[in-house]
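Notes follow once the structure below has been shown.
Laboratory data are not the source of any read-out in this text; all were calculated from the coordinates shown. This one's a predicted model, so the numbers in the text were calculated from it and none came from an experiment. Note: ideal-geometry Cβ built from the backbone for every residue, glycine included; neighbour counts use all protein chains shown.
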Number of protein chains: 2
Amino acid sequence: MPDATPFIKSYLMTAGPTPLPPRVSQVMAEPIVYHRAPAGVELYARVLRRLPAVFQTANDVLLFSSSGSGAMESAVANLVRPGDPALFCAAGKFGERWIELGEAYGADLVRYEPGWGRRLDPGEIDRVLGERPEIRVAFATLSETSTGIVHDVQAIAEVAARHDVLLAVDAVSGLGAAELRQDAWGVDVVAAGSQKALMCPPGIGLASVSQRALDYAGQRGPATAYYFDWGRTAKAQRKDPPSSPFTPPVTLLAALDVALELIAEEGLEQVLARHALLARATRAGVHGLGLELFGDPDDRANAVTAIELPEGIDGAKVPKVLRDKYGITANGGQNQLKGRILRIAHTGYFGAFDILTSLSGLEMTLRELGAEVEQGAGVGAAQQVFLDAGVPLAA
Amino acid sequence: MPDATPFIKSYLMTAGPTPLPPRVSQVMAEPIVYHRAPAGVELYARVLRRLPAVFQTANDVLLFSSSGSGAMESAVANLVRPGDPALFCAAGKFGERWIELGEAYGADLVRYEPGWGRRLDPGEIDRVLGERPEIRVAFATLSETSTGIVHDVQAIAEVAARHDVLLAVDAVSGLGAAELRQDAWGVDVVAAGSQKALMCPPGIGLASVSQRALDYAGQRGPATAYYFDWGRTAKAQRKDPPSSPFTPPVTLLAALDVALELIAEEGLEQVLARHALLARATRAGVHGLGLELFGDPDDRANAVTAIELPEGIDGAKVPKVLRDKYGITANGGQNQLKGRILRIAHTGYFGAFDILTSLSGLEMTLRELGAEVEQGAGVGAAQQVFLDAGVPLAA
């Protein structure tokens, strides 16, 4: 019994896995289908048809039975050959995953690392690419989950285009939460996962790959990869009807089908606006509590808000007290940020009262740990944002 | 509306995805857990504790968010470096997957291919390994789903041991259906998937890797793989408590946890005996119908039974009529066996009446397509096997 309180409700407030809409949960309990029978083929085709809208692309979105990191690996495996110089931009744990992938695939790594919590500077990227004109591929992050920062992918893509460099972006936690116009901005590859703003369980990795990137990968010769080889999956998905080169995760496809339908019903614009409002209210709540946001100021940090914990309390205890005493599962900091930050998620199936719940729990937890916090101050500030927005907080 | 019959029930009788026990289906509809919170950590640890019993091993079983092919790729990626000679044994579609993986990773391929439907001959493997003493790794298949044949992995492992060769076996469709005593037989690597006899949806790939194989992979230097790198996953799983290097597919972990509990409750011996009885009854049913089994005689083909379809009918129509007219989704032949065979599955959550249903449907379908088939003859022969077994057909 991990929880000794007399209260029975608990709240998943993490940045991934994120909470699931009931319809998404329920569809997974339905009888499983065979992926090569008509119902399974149609399910797969429908998911593939629905995906590009979320990426704002005309690309085929390649679907893998994997975590989001698998989709990221597909980008490195297909775009980098041993000895190839490539630019890796990293300002947090998931940016560093690009670097680790580049090392595994033998890239000649050019690293741009302004530090955790910093925002990638397109001017710096421009300078590095100018100094190393042999670089043909760059890797960056949309929403850096470890710090809450949303990088300016539009500006980075402009720089990459100027240098005729292919840009691959990790949007695992950002897609559907922060604006990303893949085609309009000219982003060649977007890697994503099912368990964030797509409101599904983890287990589906997605790579939206431009024809230019597919062609480049093909010209560079076969990748040392089979499961994550783009050519194999693209060829199978482009059949009529599309087929999967490997057994797809059919229960997760059923979940994603429902979730994409929910996103289409809400409308992507509205989904993004909801995330922006939730994030704005969260930031106001943090300031209302007298706390600071972590890292560079970021008015687009729509997936997760990272909060500097006050000095003088044991920061590592904050997620623990939230969970054990208040039933709220939230993310603390990772690696060097452990004990220094708390992250309040608002990615996917989140509403206004989830933010207020997180802020309430945080207020009580901080007091519990000895910080001077006016109870209700953060919640009140967030409510004011919702009131000022003048929109209904219900569908 | 794909089905215009007035009947509403349908039957999933494929070799993967296989039918799910209701408890497995239902658990996926429960609230999703965060993998780093206590409930998620305990779920992951419990699944890892339960897995080795099914492999009959003391190894750590490495768990990937992937299809079974991902687990197979992990074996090739970790054991083969470019230019390494390695033996690939293939007698069907999934044996050929090993070859494709070997090509992707630049192996110097030594191929032993007796033909689809043939059983791998340990004597031939002995001869090849004797001729090429520089070979250190061999790849083979337990149950070849495309042909129904179960290869003699015990004898192959003895041969491999004699030549001091590491043996990796694809048991994706065989594990839990056909006997495989990994440690007793000395099999270094067993690759498996969640969607066969493990009675779960697809999306979890498993690699049970001996310390000898882990050490060999480590000595050969870093693999050109990150997601499927054994060292990374083994290190994370060996922490206390175990952790996953990437977000694990938590709803599928919950399903696998329940399924492994069901297998433990039934007892692995009993699970294997049930599969053997179902397979024996199926073979008797086929002979009762006056049909022949496909390929080499195989009294261990406990995962799926491949049937030669009679001359003079359009064999490709058999699975179609079964599905459209009788609501039974079964597998026809793949690649060169298309239209030549039908495969009756008995892998995982299958009981006696599933076999009788498949045989009934087949009898009616064959008559429908113009074959002379005595209605009830196959069903009756199968029933006789169940009667003769003298065991209850219920739990």
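The label point for B:Gln154 and the one for B:Glu42, both projected 7 Å from the Cα toward the Cβ, are 4.0 nm apart. Computed over all pairs of different Cα atoms, the Kirkwood value for the hydrodynamic radius of region A:1-131 is 19.1 Å.
Computed from the alpha carbon atoms alone, the convex hull of region A:22-265 holds 109 Å³ per residue.
Between region B:5-27 and region B:58-94, the alpha-carbon centres lie 30 Å apart.
Using a 10 Å cut-off on Cβ to Cβ distances, tally the other chain neighbours for every residue of A:221-233 and report the average as a whole number. Intermediate values should be presented prior to the final figure.
On the way: counts 0, 3, 2, 8, 9, 14, 16, 7, 1, 0, 0, 2, 0.
That average works out to 5.
Binning the alpha carbon pair distances of the protein assembly as shown at 10 angstrom intervals from zero yields the distribution 3, 14, 23, 25, 19, 11, 5, 1, 0, expressed in whole percent.
In nanometers and ordered shortest first, the copy-to-copy spacing of the B:Asp299 label point, defined 7 Å from Cα toward Cβ, is 7.9. In this assembly of identical copies, the label point of A:Asp324 (Cα plus 7 Å along Cα-to-Cβ) is separated from its counterparts by 6.3 nm, sorted shortest first. Counting only other chain Cβ atoms within 10 Å of each residue's Cβ, the peptide A:25-33 averages 6. Non-local lysine pairs in chain A, meaning eight or more places apart or on different chains, with alpha-carbon distances under 19 Å, amount to 7.
Under a Gaussian network description of chain A, with springs only between Cα atoms under 10 Å, the residue in A:Ala225, A:Ala140, A:Ala86 that fluctuates furthest is A:Ala225. Label reach from B:Glu374 (point 7 Å along Cα→C-beta): in region B:275-303, amide nitrogens under 14 Å belong to B:285-291.
Derived scalar couplings between HN and Hα for region B:225-230 equal 6, 10, 4, 9, 5, 4 Hz in order, rounded to whole Hz, by the Karplus curve 6.51 cos²θ - 1.76 cosθ + 1.60 (θ = phi - 60°), x for Gly and Pro.
Between the exposed loop cleavage positions of chain B, defined as GluC sites (Glu not before Pro) in a non-H, G, I, E, B DSSP state with at most 14 neighbouring beta-carbon atoms within 10 angstrom, the longest gap is B:135-310. For region A:158-242, applying the loop criterion from DSSP together with a ceiling of 10 other beta carbons within 10 Å to the trypsin sites (Lys or Arg not before Pro) yields A:Lys239.
Between this copy and the others, label points of A:Gly221 are 1.6 nm apart in ascending order, each placed 7 angstrom from Cα in the Cβ direction.
Would you mind calculating the gained length between A:Glu113 and A:Arg181 on full extension (0.36 nm times residue separation, minus the Cα-Cα distance), in nm to one decimal?
22.0 nm
Please give the Cα centre distance for region A:340-395 versus region B:145-172, rounded to the nearest Å. Each part's Cα centre sits 58 Å from the other's. If one puts a single equal scatterer on every Cα of region A:111-184 and applies the Debye formula without solvent, what log₁₀ I(q)/I(0) results at q = 0.14, 0.28 Å⁻¹? Each listed q corresponds, in turn, to -0.41, -1.43. Relative to one another, the C-alpha centroids of region A:283-332 and region A:255-273 are positioned 28 Å apart.
Just checking the listed ones, A:Gln56, A:Gln195, A:Gln270: in the Gaussian network model of chain A with Cα springs under 10 Å, the one fluctuating most is A:Gln270. With neighbours defined as other Cβ atoms within 10 Å of a residue's Cβ, the residues B:Cys89, B:Cys200 order from fewest to most as B:Cys89, B:Cys200. Restricting region B:309-344 to trypsin sites (Lys or Arg not before Pro) that sit in a DSSP loop and have at most 12 other Cβ atoms within 10 Å of their own Cβ leaves B:Lys338.
Remark: mean inter-chain Cβ contacts per residue of B:329-335 equal 2, using a 10 Å Cβ-Cβ cutoff to other protein chain atoms.
A compact globular protein would have a Cα radius of gyration near 2.2 N^0.38 Å; the ratio found for region B:328-376 is 1.23. When chain A is treated as a GNM with alpha-carbon contacts under 10 Å, the residue of A:Ala177, A:Ala371, A:Ala91 showing the greatest mean-square fluctuation is A:Ala371. Taking amide H atoms as placed 1.01 Å from N in the peptide plane, the amide H of B:Gly332 lies under 5 Å from those of B:Arg343, each 5 or more residues away in sequence or on another chain. Once Rh is set to the Kirkwood radius over Cα pairs, what Stokes-Einstein translational diffusion coefficient, in µm²/s, holds for region A:267-389 at a temperature of 25 °C and a viscosity of 0.890 mPa s? D, rounded to a whole number, is 172 µm²/s.
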